[in-house]
Each structure stands twice: as C-alpha cells, then as structure tokens.
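To start, the structure itself, in structure tokens.
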Amino acid sequence: MRQNNRYSNGSGIGLPLAQWVRLCGETLGSTADVALLKAWVQPLAALEEAVSITDAEHNRILYVNPAWCQLYGYSAAEALGKTPAKILNLDEVSQRILQKVAVASHKGGWEGELLNHDKSGNLLTIHLRTAPLRAPDGRLVCIQGIARRATPTNGSANGNGNRNKPAWMAAMGKLTPRELETFSWFGTGQTTKQVGQKLGVSIFTVQTHRTRIKAKLGVRSNTAMCRLAFEWVAGGH
C-alpha cells in the first residue's frame, strides 16, 4: 500500500516548516543548502521504501519519509536531529562497519545489509542503499539512505522449509552447546559484554566462542553472524 504523503501535522516534513528549516539551517549552515534539501525531499514522501537524509558532516537526520517512520516506529519529530547510530544501530553488530559505510557513501554510495533495531527494540535486517547528494558546484551536502526489510534467507518465506535450508543452518549441528547458547544470545541483540554477563564468562571467552561460530558457519564478519543468529531466534529455535 502506498504511504500517505502527508504527516499527521499536515506537513510533508513531520515538523512545522519553520521549525524544520531552522533545524536544517543550524546543521547545514547555509540557506542555499537548505533550499537544495527542500527540493530534494519533495518527491520522497510518497515512496514505499524508507528514505532518510542526513547531513554529510555530522550525520544528523534531516529528513525521513512516512515509510521510514513506519519501518522503525519513530515519528519524524523523534528522529530529526539525531544520528542513526544513536537510535538505530546496534553496538558491536553494525557499529564496526559504520565507518566503511560512511566512507563509501561520501564517495559514491554503499549498498548492503545491516542489523538495526526499531523503537520497540525489535531487531531488523535491512537492505540499505546510500548515495551522496551534491550541490550544483559538486560540494557534498547530504547523504540519502533508502532502506527496506531484507529478504529472509532461511527458506521459510516461499513455503519450502527445510528443502531450501541454507548451508549455515545445516552447519548448526557443528556448534557445541555453549556455542549454540552464545549464538542464540547474539540473536536477541545482546552485545558481547551482555552475552558474557548472561553466560557468566569474560568478554574474551565470548569473543573466542564467536570466532569459532563464524568459522563453523562459514561467515567472516560479526555482522553476518549476528544476522544469522537473528534469523535463528526469529525462526523459533
């Protein structure tokens, strides 16, 4: 269903226009850049994909469309002026690759999957595409992000169940009971420190379990492992 292109306060921004312009002016420091931003956001409100725009220097959210609010559960008023790291990104899950995403976004754009959480704390696997937004003189002004829920890889979405069981799930039997417990805690969005507290072990021990889990499941990054853990827990295991 196509999103309504008006927010509840009657504007296409989510804040009274004067308040939004003031926020953007304080962040961007240029009335010309604010005018550019106003032009950029006009066609975005009706899109079904979740769109956000952040300033290039501080990564503060300057615009979100209604689909973004629906995806993450935050109102525009709650999101504007914040950074994605403050309200969406997971410590020790996606934080490690945020710098890589930022560098690529400033140059030409980045595309991939991240684990985020919504306002209620629910884990979300999203597919994100970013692109730089530049002034006519080539100056980088903002970064646009377009997000949607990532397609599950556990084979259940098309009704085939175990017949499409991916290699990582077939390898779950290689995990020791302690590794499986560690994996499951990561699937609930716990940080390394929190998992250690749950298990009553040191962070170093959790990191050792995590390294072994990644090797057995055939993944390289902590983010990839946590996404699989999320799918495992979400599937009722």
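The values are calculated or read from the model by the stated rules, or taken from the named source; none is laboratory data. These figures come from a predicted structure and were not determined experimentally. In this analysis, Cβ positions are derived from the backbone assuming ideal geometry, glycine residues included, and neighbour counts consider all displayed protein chains.
Within the stretch 211-226, count every residue that is surrounded by fewer than 21 Cβ atoms within 10 Å (Cβ to Cβ) and either outside the structural domain of Ala167 (by TED's automatic domain parsing) or free of Cβ contacts under 8 Å to residues at least 60 places away in the same chain (or both).
Qualifying residue count for the region: 9.
Which of the residues spanning the stretch 9-37 are in contact with a helix residue (DSSP H, G or I) (Cβ under 8 Å, 6 or more places away or on another chain), surrounded by fewer than 17 Cβ atoms within 10 Å (Cβ to Cβ) and assigned by TED's automatic domain parsing to the domain that holds Arg139?
Gly25, Thr31
Of all residues in the stretch 129-150 being free of Cβ contacts under 8 Å to residues at least 24 places away in the same chain and of a type outside the set (Asp, Glu), which is nearest to Ala45 (Cα to Cα)?
Looking at residues that are free of Cβ contacts under 8 Å to residues at least 24 places away in the same chain and of a type outside the set (Asp, Glu), I get Arg129.
Looking only at the stretch 83-103, decide whether some residue is out of contact with any strand residue (DSSP E or B) (no Cβ under 8 Å at 6 or more places or on another chain) and of a type in the set (Val, Ile, Thr).
yes
Look through the stretch 189-207, keep the residues that are surrounded by 15 or more Cβ atoms within 10 Å (Cβ to Cβ) and of a type in the set (Ser, Thr, Tyr), and return whichever of them is nearest to Asn116 (Cα to Cα).
Out of the qualifying residues, it is Thr191.
Which one is surrounded by the most Cβ atoms within 10 Å (Cβ to Cβ) among residues in the stretch 42-83 that are among the aliphatic types (A, V, I, L, M) and under 15 Å from the mean Cα position of the chain (by Cα)?
Val64
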